[in-house]
1. Sort region 100-261 into rounded, prolate or oblate with this rule: let a ≥ b ≥ c be the square roots of the eigenvalues of the Cα gyration tensor; rounded if a/c is under 1.5, and if a/c is not under 1.5, prolate when a/b is larger than b/c, oblate otherwise.
2. Once phi is turned into ³J(HN,Hα) by the Karplus curve 6.51 cos²θ - 1.76 cosθ + 1.60 with θ = phi - 60°, what whole-Hz value does each residue of region 62-69 show in order, with x for glycine and proline?
3. Amide H to amide H under 5 Å from Val209: which residues, 5+ apart in sequence or cross-chain, H placed 1.01 Å off N in plane?
4. Can you compute log10 of I(q)/I(0) for region 181-242 with the Debye formula, treating each Cα as one identical point scatterer, at q = 0.19, 0.22 Å⁻¹?
5. Going by amide H atoms built from the backbone, whose H comes under 5 Å of the H on Val171, apart from near neighbours?
Amino acid sequence: MPRMLDVSDEVRAEIGDEEADRLLAGETAPGSYDCTSCRTPGDSEQERTSTVLFIGDETAVLAFAHAGCLPSQVVQVTEEQLRGAVKSITGDTVDVEPDRVVPEQAVPEQAVLGVTSGLVLIGGELHPALVVEPTGPIARPGTAGTGDDFLPLLIEQGFMPLAELSAVPPVLHGWSVLLAMGRLHAVLQPGSNGGQPVAWWQAHQPLQVTEGWRVAATKHQQVLMFAAPVGSIGRQPREDLLRDALDKAAANGKLVGSALPLAGT
């Protein structure tokens, strides 16, 4: 039976016309599936479904998502990330401390970005948020200075200085948060000269987020990203303490933020 599949031109180019046509005809596409983004059931015979092709260094995995959660697209990932994604599909677990990770992601001066996920209450509604804080000062690329240019660099990219968290910050177009297979993969920034988005931050392996965070992200189709210099937020074990730290950083002029579309391409 034909499927209600969206196969983007870039996915078709990777898998070939013959395989794409077989998918659309229902020969190789599943009827029911678990959405690779929100992890809830879907049915390609009854609702529009996106084909999402994850390409690693040596292998590729074709996954399916509700069209309302993700557009059909090709996602470049590392082989390690792809193995983690396959584990997610097959039900194997990866031991990751919930809601907190300090990935080994090098940034200028070899500082490491700590990324915390949590729900933030703004205007009486819960919003999914990522809070980014480096483990050390971030110098401007190409300089040998010892100062911290982390916030100025982000402001130059379009992030807004926040004096308080009374309203949702504006959307920063061109940036996005990649949530796929129910896990957090990367924060993407615009590519050079209008090219494909590139990873500003990328997890070593797909990171678990709570179900509540995932539901809120799917509902709003965006994630709030807040960033503060080293020592401004700290490691907070609870969301209420995280919110207190965000409010304090904002009051001290040490917080920037923007709303990033979910899984933007």
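1. Working: a/c = 1.41, a/b = 1.16, b/c = 1.21.
It is rounded, given that a/c, with a ≥ b ≥ c, falls under 1.5.
2. Result, rounded to whole Hz: 9, 10, 10, 9, 4, 4, x, 8.
3. Leu184
4. Summing over Cα pairs of region 181-242 leads to -1.02, -1.22.
5. Ala259
None of the figures in this text is laboratory data; all of them are computed from the coordinates on show. Keep in mind the model is a prediction, meaning the values are calculated, not measured.
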